[in-house]
Amino acid sequence: MSTPTPITRLDEALTRERLRRARVARVGFVDGEQPLILPVNIAVDDHGIAFRTAVDSPLAALDGRRVSIEIDGYDLATRSGWSVLVLGVARDVTEGADPAAVAARRMPVDSWAPGPRDRVLIVWPLSISGRSVPPSADSDWFAGVPGS
């Protein structure tokens, strides 16, 4: 049995760079008593993470609520990967007139989902962290899952 590969923290510069380059993320939140995680397309600047959603989406109801944003990357061949986790507060800036709302609406979110995405939300980070799993030779990483 091999020694477990250590999970390490990404330094702040690399964490922020990976976040800035991301175009797809997952938003985590609690809807009623049920936790939900939904994929979104994002744009990131120095102030926050913007995404667009449909008026009738559960994401449209997140104004003022705490959320998480997660992005990640992995390499199946080397069994390595990384993740960035943002904990923050969502704000609906669709109709805001303040400079932050106007700037957030201008962020280049390229929504892949069909249909109108008329609501614009920005997540202002309260914390940002990153982790990395270096390449591993452990053949039982996900025992029983083909190709893992």
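The values are calculated or read from the model by the stated rules, or taken from the named source; none is laboratory data. This one's a predicted model, so the numbers in the text were calculated from it and none came from an experiment. Positions of Cβ are generated from backbone atoms using ideal geometry, with glycine treated the same way; all protein chains shown enter the neighbour counts.
Of all residues in segment 47-83 being farther than 30 Å from Ala101 by Cβ and not aliphatic (A, V, I, L, M), which is farthest from the chain's Cα centre (by Cα)?
In the first step, residues of segment 47-83 are kept if they are farther than 30 Å from Ala101 by Cβ; the result is 73-82.
Pick out the ones that are also not aliphatic (A, V, I, L, M) and you get 73-75, 78-82.
Values: Gly73: 11, Tyr74: 15, Asp75: 18, Thr78: 23, Arg79: 21, Ser80: 19, Gly81: 15, Trp82: 12 Å.
That would be Thr78.
Within 30 Å of Pro6 (Cα to Cα) and not charged (D, E, K, R): does that describe Pro114?
No; evaluated as a whole, the condition is false for this residue.
In segment 118-133, which residue that is among the aliphatic types (A, V, I, L, M) and at pLDDT 95 or above is farthest from Thr8 (Cα to Cα)?
Val120
Within segment 1-49, which residues are exposed (fewer than 11 other Cβ atoms within 10 Å of the Cβ), closer than 23 Å to Val133 by Cβ and not β-branched (Val, Ile, Thr)?
Quick first cut of segment 1-49, residues exposed (fewer than 11 other Cβ atoms within 10 Å of the Cβ) only: 1-4, 6, 13, 21, 32-35, 37, 46.
Those left that are additionally closer than 23 Å to Val133 by Cβ: 1-4, 6, 13, 21, 37.
Residues satisfying the conditions are Met1, Ser2, Pro4, Pro6, Ala13, Arg21.
Run down Arg106, Arg119, Arg91, Arg52 and say which single residue is among the basic types (Lys, Arg) and loosely packed, with under 15 Cβ neighbours inside 10 Å.
Arg106
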